[in-house]
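The values are calculated or read from the model by the stated rules, or taken from the named source; none is laboratory data. This is a predicted model, so every value here is computed, not measured. Note that we place each Cβ from the backbone using ideal geometry, even for glycine, and neighbour counts take in every protein chain shown.
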Amino acid sequence: MAEALDGSIYQAALAALMERATANGLRVVPVAGISIGGCAEAIGTPRRGAFRRQAHAHNHRPDPLFGWICFLSTKPGRLITPSGRPSALLAHEYAHLLAPGSGHGER
């Protein structure tokens, strides 16, 4: 079952990503939430919310889940490194939020 991750666990990692975005002249986008073990659309239901990839970001408007980042894995190492920095996967999914509606372009 998908579940929302406790915000205090990833707050510092997301702050680092937002700081990096600001330093690069990008408009900071707040993360609405992080779902582990499945898609945010399945939180509170017995299903996981199926998707094939390791993670995805809801970056299309007017999606009511805009700003959510969903991870299939429940392992903390998929989001944050042992040193507390954001994982490459978390950074990648956050980058999708910085360019709403885009895919894997240069930006």
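Summed over the stretch 55-73, the residues that are exposed (fewer than 13 other Cβ atoms within 10 Å of the Cβ) and closer than 16 Å to residue 4 by Cα give a count of 1. Among the numbered conditions (1) surrounded by fewer than 19 Cβ atoms within 10 Å (Cβ to Cβ); (2) in contact with a helix residue (DSSP H, G or I) (Cβ under 8 Å, 6 or more places away or on another chain); (3) not aromatic (Phe, Trp, Tyr), the only one that residue 34 does not meet is (1).
Counting only strands (runs of 3 or more DSSP E) that sit wholly inside the stretch 1-87, not one has at least 2 residues that are of a type in the set (Val, Ile, Thr), closer than 18 Å to residue 98 by Cβ and modelled with pLDDT under 90. For the stretch 76-106, filtering for residues that are surrounded by 10 or more Cβ atoms within 10 Å (Cβ to Cβ) and within 18 Å of residue 7 (Cα to Cα) leaves 16.
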